[in-house]
Amino acid sequence: ESKHRGKNTMTFFSPDMTESKLRRLELSDRLQASVLNGMRGFSVHYQPLVNADTMRIGGAEALLRWDAGDLGPVGPDEFVPVLESYGLISQVGRWVLDQALVRCAEWSGSHPGFVMNVNISYLQLFEPDFIGFVQDALARTGVDPSQLVLEMTESYFVTDLDALKTVFSRLRDLGIRLAMDDFGTGYSSLGMLSQSPADIVKIDRAFIRNIDAEAFNRSFIDAVIDLCHSVGIEVTVEGVEEAPELDTVRTIGADCIQGFLVSKPVTADDFEKRFLA
Ligand code: C2E
Ligand code: MG
Ligand code: MG
Ligand code: MG
């Protein structure tokens, strides 16, 4: 890695050193410093997951945040790929899982069976002791495996399935559920749902936009829900922002709702005050 960095420094003034490469380099420096300083600047926010039938909050998705100081706001869509390419995702990912399970244990006290969804990176799934770490974290916090959902982008379930089959089945054997995240954005075909080890499919928020005007989006969500239900997969619709969208996806039969209409991701303290008090 130092070789890589040195090389980039040498080519500082070359025309192919684009602004975006410099930005990644700057971010990687800062992220590395944060990790080395005991995860300084990192935090985990929580967004409610709502049961579409009861409209009760049954869980939360843990979403990583990072205070980049004078660089201004930097979201996980930008910094998670940097953590991945600089070998930092493993450590940070474990920290997120730990934080989230500690909260899950706390919140289960007043809300038995509270479910925690945690995003997992491809690279984490190839760590030799990943399963052991997850098991330890569950044991340490006293969270039941049925309360943990690991969210992974749909490509892991499609293009990478052969490589991941074993780790997926070991996780499921433990009673942990797997969610296919951002469904519909690139790799999926409806046909593969019948063979999928996913327990939950999360339809990407792109499909909820204009759901009442765009016949295709509505039909797509409708078809995905029907197919998933026919093979016992639960469906979450992400990105619900407007009340009419909520009515529509409830009518179509979504199992779980997530979106700004209910709440943006908030700090653990705010989550407790607003949703668990
Ligand atoms: P994701 O897992 O698909 O998470 C959902 C994203 O949609 C979150 O963005 C959330 O804030 C946003 N969102 C939820 N409801 C709405 C809505 O109604 N409208 C709109 N416009 N957006 C909504 P966020 O927090 O910026 O995270 C972006 C992505 O970063 C996540 O997408 C996930 O892929 C990744 N990520 C976040 N935390 C972690 C983490 O701890 N580990 C890993 N590996 N990736 C993470
Ligand atoms: Mg997710
Ligand atoms: Mg998603
Ligand atoms: Mg995503």
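The values are calculated or read from the model by the stated rules, or taken from the named source; none is laboratory data. All of these numbers come straight from a predicted model, not from anything done at the bench. Cβ: placed from backbone, ideal geometry, glycine included. Neighbour counts: every protein chain shown. All accessible areas refer to the heavy atoms of the entire protein, side chains included, with ligands and DNA or RNA removed. Shrake-Rupley method; radii C 1.70, N 1.55, O 1.52, S 1.80 Å.
Among residues of the range 72-89 that are open to solvent by 50 Å² or more (accessible area, probe 1.4 Å), those with a beta-carbon under 8 Å from a residue that is near ligand 1 (Cβ under 8 Å from one of its atoms) at least six positions away or on a different chain give the pairs Glu84/Ser121.
Checking Arg30, Arg65, Arg5, Arg40 one by one, the residue that is at pLDDT below 95 and either under 25 Å from the mean Cα position of the chain (by Cα) or in a helix (DSSP H, G or I) (or both) is Arg5 and no other. Within the range 108-130, the set of residues being in a loop (DSSP other than H, G, I, E, B) and not β-branched (Val, Ile, Thr) comprises His111, Pro112, Gly113, Phe114, Ser121, Phe126, Glu127, Pro128, Asp129. Among all residue pairs at least 6 apart or on different chains, which show Cβ distances below 9 Å where the first residue, located in the range 159-173, is farther than 15 Å from Phe130 by Cβ and the second is open to solvent by 90 Å² or more (accessible area, probe 1.4 Å) and at pLDDT below 95? Here the result reads Thr159/Tyr187; Leu161/Gln195, each pair linking the range 159-173 to a residue that is open to solvent by 90 Å² or more (accessible area, probe 1.4 Å) and at pLDDT below 95. Just one of (1) in contact with a helix residue (DSSP H, G or I) (Cβ under 9 Å, 6 or more places away or on another chain); (2) more than 26 Å from Val102 (Cα to Cα) fails for Leu171. It is (2). Restricting the range 140-158 to residues that are more than 21 Å from Ala60 (Cβ to Cβ) and free of Cβ contacts under 8 Å to residues at least 40 places away in the same chain leaves a set whose member that is farthest from ligand 4 (Cβ to nearest atom) is Val158. Among the residues of the range 136-165, those identified as in a helix (DSSP H, G or I) and over 19 Å from the mean Cα position of the chain (by Cα) are Asp136, Ala139, Arg140, Thr141, Asp162, Ala163, Lys165. Taking the conditions exactly as written (farther than 20 Å from Leu36 by Cα, open to solvent by less than 40 Å² (accessible area, probe 1.4 Å) and modelled with pLDDT of 95 or more), does Ile131 satisfy them or not? Here the answer is yes, as Ile131 does meet what is asked. Pairs needed: first member in the range 108-128, more than 16 Å from ligand 1 (Cβ to nearest atom); second member anywhere, part of a strand (DSSP E or B) and not charged (D, E, K, R); C-beta distance under 7 Å; at least 6 residues apart or different chains. From the range 108-128, the pairs are Phe114/Gly59.
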